[in-house]
Amino acid sequence: MNNTFFIKNIAKITNGKSDVKDANNNGKYLFFDRSSTIKKSDKYLFDSEAIIIPGEDSRQIFEPKYYHGKFNLHQRCYVIYDFEDNFFPKYLFYKLKAL
């Protein structure tokens, strides 16, 4: 029995579009980048249940984050979002954390 599945079959995957200069301490929305510190932003790119993954050249420990709501995302980070109705995103989140 093959237990392999592809994320692209259950959700969308893309990267962010914002840069570090878009961070604002007084912003209304969370801004995820490759650091372990979560920043704020005045704008949001996503409004969904999502798993945020630090991108390439990350000098931090691989630490996926789960978030549900409006947020901004750095251009070198990735987001898994828009999940199929019959899939539980937290399941994938915990599997990724176990890596």
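Results for (1) without any contact (Cβ under 8 Å) to a residue 12 or more places away in the chain; (2) not hydroxyl-bearing (Ser, Thr, Tyr), shown as yes or no for each residue.
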| site | (1), (2) |
| --- | --- |
| THR14 | no, no |
| ASN26 | no, yes |
| PHE46 | no, yes |
| ILE53 | no, yes |
| ASN86 | yes, yes |
Residues that are hydroxyl-bearing (Ser, Thr, Tyr) and more than 12 Å from the chain's Cα centre (by Cα), drawn from the range 4-19: THR4, SER18
- request: Only residues that are within 14 Å of the chain's Cα centre (by Cα) and either hydrophobic (A, V, I, L, M, F, W, C) or assigned to a helix (DSSP H, G or I) (or both): list them for the range 20-56, please.
  value: LEU30, PHE31, PHE32, ILE38, LEU45, PHE46, ALA50, ILE51, ILE52, ILE53
- request: Out of GLY27, GLY55, report the one residue that is of a type in the set (Gly, Ala, Ser) and closer than 28 Å to THR4 by Cβ.
  value: GLY55
field: Extreme residue, nearest to GLU84 (Cα to Cα), among residues of the range 10-25 that are charged (D, E, K, R) and surrounded by fewer than 13 Cβ atoms within 10 Å (Cβ to Cβ)
entry: LYS17
- request: Kindly indicate which of ASP82, ASP22 is without any contact (Cβ under 8 Å) to a residue 60 or more places away in the chain and of a type in the set (D, E, K, R).
  value: ASP22
Residue satisfying all of: in the range 64-83; in a loop (DSSP other than H, G, I, E, B) and at pLDDT 95 or above; farthest from ASP47 (Cα to Cα) among these: PHE83
statement: Checked the range 32-54 for anything under 26 Å from TYR91 (Cβ atoms), open to solvent by less than 50 Å² (accessible area, probe 1.4 Å) and touching a strand residue (DSSP E or B) at 6+ places or on another chain (Cβ under 6 Å); matches are PHE32, ASP33, PHE46, SER48, ALA50, ILE51, ILE52, ILE53
- prompt: When LEU73 is evaluated against the numbered criteria (1) of a type outside the set (D, E, K, R); (2) open to solvent by 50 Å² or more (accessible area, probe 1.4 Å); (3) touching a strand residue (DSSP E or B) at 6+ places or on another chain (Cβ under 8 Å), which criterion, by number, is the only one it fails?
  reply: (2)
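The values are calculated or read from the model by the stated rules, or taken from the named source; none is laboratory data. Not measured: the values here are computed from a predicted model. FYI the Cβ positions are ideal-geometry reconstructions off the backbone, even for glycines, and counts take in every protein chain you see. These area figures cover heavy atoms from the full protein model, side chains too; ligands, DNA and RNA do not enter into them. Shrake-Rupley method; radii C 1.70, N 1.55, O 1.52, S 1.80 Å.
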